[in-house]
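The values are calculated or read from the model by the stated rules, or taken from the named source; none is laboratory data. In this text the structure is predicted, and so the values were computed from the model without any measurement. Every residue, glycine as well, gets a Cβ built from its backbone with ideal geometry; the counts of neighbours run over all protein chains shown.
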Amino acid sequence: MFCLILLNKIYQFDILISCIFVRYPNNITVKETPQSKRKIVNDPVYGLINIPSSPVYDIIEHRYFQRLRRIKQLGLTDYVYPGAVHTRFQHTLGAVHLLTSAINVLKSKNIEITTEEEKAVTLAILLHDIGHAPFSHTLENIITVEYGHEELSLLFMELLNKEFKGELSLAIKIFKNQYHKKFLHQLISSQLDVDRLDYLRRDSFYTGVSEGIVGSDRIIKMLNVVNDQLVVEAKGIHSIEKFLISRWLMYWQVYLHKTVVSAEQLLIRVFKRVKYLIDQKTEVYLSKELKFFMDNPDLKKADISMILSNFSAIDDNDVFGLLKVWLTGSDKVLSMLSERLLNRKLLKIEIQDTPFDESKISKHKKKASSIFNLTEQEVGYFVFTDNISKNAYSTIDDKIQILYKTGEIVDVAEASDMLNISVLSKTVRKYFLCYPKEIK
């Protein structure tokens, strides 16, 4: 009897499913509407995210944007925090979600934002990271020396604007800060933009570093606009203080963690060696897309469409594939660097507040040369020094303005009881020395 009841239930369920997913006959044409393209994404940070209708959804589906699925948000940070394998694709959708929330809050406070402006600023934040190189910032100035990721993002936007018959024109104006409503640009690019609000919370989530958790909901609810400038109502000042402190801690605990720096520097040295071999007319295996950039002495003179076509075909997977080829290649240095990076045999790194003594650097180079049989030129890939620097708040860029009930507007660095201008704006510089662990 139980089996008969169960079979009956399964039969009823099959009928229900058939009704839901009924196929239209071949002779019936169903016109797709913008509403039919509205999608929902289940995001681990915010829950369900609504993706606006066309053309936002159409651009998300575009091959240029889909490439961001294959670009890790934090480069090689997963060498330290194994969970940090989230992508630029995820981050961008999160930023779109926060922007939508911010727009709704500002509208509720009688800030005029038209439907066209809302669509444009959404497209601007959607495409703000589309120009990132493989491993995000790590290879930004190595593969495309003449172009930063923001400049490439703009070039992609202009190309897509032609493809979408001018639908991105206003978005480009906002992105370039050429639109008369300046606060729209501040929402996507400032010291308190939705980009930062998302990456801090998302990176904290995936690394497990709780110091990066920020009250993005609270901050967004406190946003307002005065004299065309984005401001934060005074009730939200403590959330801003937490935001600045969280950003500071995340930089030194995650983004500039010494082991992360060591891994990224190793990847940079790999590509510097490739560039050196190309300059020396030594044969080195490269995909045709990467060869376009690595063997191009003056990229600024190259055709923009060729630059974007080749760039859009390169992602993290290509780099790891090449590392496996270079591992068994004929160049000893490139092989050693690739093997260390693939198998996480990273260089030892020391960090201090002052530059390293030249005698110490020389001593380490001599030891490394002896152990690995390297020439004076070759050992420079394994023993080197440089510096890293960061500040929590810039007094030069768009300031974070606090709005009091009296109507007075004060820079957060002056308004905060916890923080002062000297602490916030101070640039901390640290020096590092990398060398093989084997020489110790």
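Some values worked out for this structure:
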quantity: Selected residue (criterion: surrounded by the most Cβ atoms within 10 Å (Cβ to Cβ)) from residues of region 315-335 that are of a type in the set (A, V, I, L, M) and without any contact (Cβ under 8 Å) to a residue 40 or more places away in the chain; calculated: LEU322
quantity: Helices (runs of 4 or more DSSP H) enclosed by region 277-371 - at least 2 residues per element that are closer than 19 Å to PRO134 by Cα, of a type in the set (A, V, I, L, M) and touching a Lys or Arg at 6+ places or on another chain (Cβ under 9 Å); calculated: 332-342
quantity: Condition met for SER108 (among the small types (Gly, Ala, Ser) and free of Cβ contacts under 8 Å to residues at least 24 places away in the same chain); calculated: yes
quantity: One residue from GLU151, GLU158, GLU116 being more than 21 Å from SER305 (Cα to Cα), without any contact (Cβ under 8 Å) to a residue 60 or more places away in the chain and acidic (Asp, Glu); calculated: GLU116
quantity: Residue in region 311-319 that is in contact with a Ser or Thr (Cβ under 7 Å, 6 or more places away or on another chain), acidic (Asp, Glu), in the same structural domain as SER369 (by TED's automatic domain parsing) and within 27 Å of LEU256 (Cα to Cα) present; calculated: yes
quantity: Test for ALA392: is it buried (at least 17 other Cβ atoms within 10 Å of the Cβ), among the aliphatic types (A, V, I, L, M) and under 27 Å from the mean Cα position of the chain (by Cα); calculated: yes
quantity: Evaluation of GLN265 against (1) free of Cβ contacts under 8 Å to residues at least 12 places away in the same chain; (2) buried (at least 17 other Cβ atoms within 10 Å of the Cβ) (one fails), failing number; calculated: (1)
quantity: Matching helices (runs of 4 or more DSSP H) fully within region 132-218 where at least 2 residues are crowded, with 22+ Cβ neighbours inside 10 Å and of a type in the set (D, E, K, R); calculated: 194-207
quantity: Region 200-220 residues that are basic (Lys, Arg), paired with ones that are outside any helix (DSSP H, G or I) and surrounded by fewer than 21 Cβ atoms within 10 Å (Cβ to Cβ) (beta carbon under 7 Å, 6 or more apart); calculated: ARG201/VAL45; ARG201/ILE213; ARG202/VAL45
quantity: Leading residue by the ranking (modelled with the highest pLDDT) among those in region 425-440 that are under 18 Å from SER362 (Cβ atoms) and surrounded by fewer than 14 Cβ atoms within 10 Å (Cβ to Cβ); calculated: GLU438
quantity: Selected residue (criterion: nearest to the chain's Cα centre (by Cα)) from residues of region 111-145 that are under 16 Å from PRO52 (Cα atoms) and among the hydroxyl-bearing types (Ser, Thr, Tyr); calculated: THR122
quantity: Residues of region 378-395 satisfying the condition of being among the aliphatic types (A, V, I, L, M), assigned to a loop (DSSP other than H, G, I, E, B) and touching a Ser or Thr at 6+ places or on another chain (Cβ under 8 Å); calculated: ALA392
quantity: Restricting region 367-385 to residues that are among the charged types (D, E, K, R) and surrounded by 14 or more Cβ atoms within 10 Å (Cβ to Cβ), the residue that is nearest to the chain's Cα centre (by Cα); calculated: GLU378
quantity: Members of region 396-418 that are crowded, with 20+ Cβ neighbours inside 10 Å, outside any strand (DSSP E or B) and among the aliphatic types (A, V, I, L, M); calculated: ILE400, VAL412, ALA413, ALA415
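Residues are listed down the side, and each one gets a yes or a no for (1) in contact with a helix residue (DSSP H, G or I) (Cβ under 8 Å, 6 or more places away or on another chain); (2) under 27 Å from ASP58 (Cβ atoms):
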{"position": "LYS109", "(1), (2)": "no, no"}
{"position": "THR114", "(1), (2)": "no, yes"}
{"position": "LEU126", "(1), (2)": "yes, yes"}
{"position": "ILE142", "(1), (2)": "yes, no"}
